[in-house]
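Read through the structure below, which is laid out as structure tokens, and then see the notes.
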């Protein structure tokens, strides 16, 4: 069914911290992106090992695979229009110097920790400024756009822009130790860890679906080698956000040099 924008995309985003544009990518673009991400997966494993979760930014590897389908994706009129209707006309994709692709691990299941991407306690962040910025639901925004069925991402609806509930950091700290366990035991424990977070939901995304979400909400990625994955990951920034990230990255670089 062709994608149709609805007011529920706006209400979902501002209520839950995320919304999904179902089937917004045309099949031809999915095919073009699949072709290039097949190559990108091999590059990622060559550079970062068989358990590599991502390649980022894709712009760094333009000599290894074609970047044109990624440009077509970020310039897709229907997609740009839908994003701007939810956020603002000023919002644009972060660009090929930021865009990445998430992949499945080659051998063992694994998951990230439950986390918020940036908090007032993050290195190089001014806590008072951050508390002001995170109230704005359009300031920090990210996207996952799937080329294959993807059940990797879990999210706690409504957790964005608010303090932690007492049970959330406790649940996040219960990440299992899977060293030496079988693949099946590892997968079971990782799934249990995802489900243990109060209120968590699995974002089931089909090929061509586009999830727009606030990364300061609680979320997690859970991966298994038999679930093929190629999910485009990027930011949607307004000028103020881009300027903030430029300052933050510069501050992190300065601190790393000092260390």
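A compact table of results
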{"quantity": "Residue match in segment 236-246 (condition: part of a strand (DSSP E or B), crowded, with 16+ Cβ neighbours inside 10 Å and either within 13 Å of the chain's Cα centre (by Cα) or in contact (Cβ under 8 Å) with a residue 24 or more places away in the chain (or both))", "calculated": "yes"}
{"quantity": "Residue within segment 184-207 that is over 20 Å from the mean Cα position of the chain (by Cα) and exposed (fewer than 13 other Cβ atoms within 10 Å of the Cβ) present", "calculated": "yes"}
{"quantity": "The listed residue being under 21 Å from residue 15 (Cβ atoms) and at pLDDT below 95, out of 163, 127", "calculated": "163"}
{"quantity": "Segment 128-163, subset more than 24 Å from residue 210 (Cα to Cα) and without any contact (Cβ under 8 Å) to a residue 40 or more places away in the chain, residue surrounded by the most Cβ atoms within 10 Å (Cβ to Cβ)", "calculated": "130"}
{"quantity": "Near pairs, Cβ below 7 angstrom, 6+ apart or cross-chain, from segment 2-22 (without any contact (Cβ under 8 Å) to a residue 60 or more places away in the chain) to any residue that is surrounded by fewer than 18 Cβ atoms within 10 Å (Cβ to Cβ) and part of a loop (DSSP other than H, G, I, E, B)", "calculated": "none"}
{"quantity": "Considering residues of segment 138-157 that are in a loop (DSSP other than H, G, I, E, B) and touching a helix residue (DSSP H, G or I) at 6+ places or on another chain (Cβ under 6 Å) only, the residue farthest from residue 12 (Cα to Cα)", "calculated": "147"}
{"quantity": "Within segment 39-50, tally of residues that are touching a residue at least 12 places away in the same chain (Cβ under 8 Å) and either buried (at least 16 other Cβ atoms within 10 Å of the Cβ) or assigned to a helix (DSSP H, G or I) (or both)", "calculated": "6"}
{"quantity": "Any hit, segment 96-103, residues being assigned to a loop (DSSP other than H, G, I, E, B), without any contact (Cβ under 8 Å) to a residue 40 or more places away in the chain, within 20 Å of the chain's Cα centre (by Cα) and surrounded by 15 or more Cβ atoms within 10 Å (Cβ to Cβ)", "calculated": "yes"}
{"quantity": "Residue 208, sole failed condition from (1) assigned to a loop (DSSP other than H, G, I, E, B); (2) more than 30 Å from residue 25 (Cα to Cα)", "calculated": "(2)"}
{"quantity": "Subset of segment 4-23 (residues that are in a loop (DSSP other than H, G, I, E, B) and either under 23 Å from residue 159 (Cβ atoms) or in contact with a helix residue (DSSP H, G or I) (Cβ under 7 Å, 6 or more places away or on another chain) (or both))", "calculated": "5, 17, 22"}
{"quantity": "In segment 11-54, the residues that are over 21 Å from residue 203 (Cβ atoms), touching a strand residue (DSSP E or B) at 6+ places or on another chain (Cβ under 7 Å) and modelled with pLDDT of 95 or more", "calculated": "40, 41, 43, 44"}
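A quick yes/no check of all residues on (1) closer than 20 Å to residue 103 by Cα; (2) touching a strand residue (DSSP E or B) at 6+ places or on another chain (Cβ under 6 Å); (3) in a helix (DSSP H, G or I):
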site	(1), (2), (3)
60	yes, no, yes
66	yes, no, no
70	yes, no, yes
73	yes, no, yes
79	no, no, yes
82	no, yes, yes
85	no, no, yes
89	no, no, no
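The values are calculated or read from the model by the stated rules, or taken from the named source; none is laboratory data. Everything numeric in this text was worked out from a predicted model, so none of it was measured. Please note: Cβ atoms are built from the backbone with ideal geometry, for glycine as well, and neighbour counts cover all protein chains shown.
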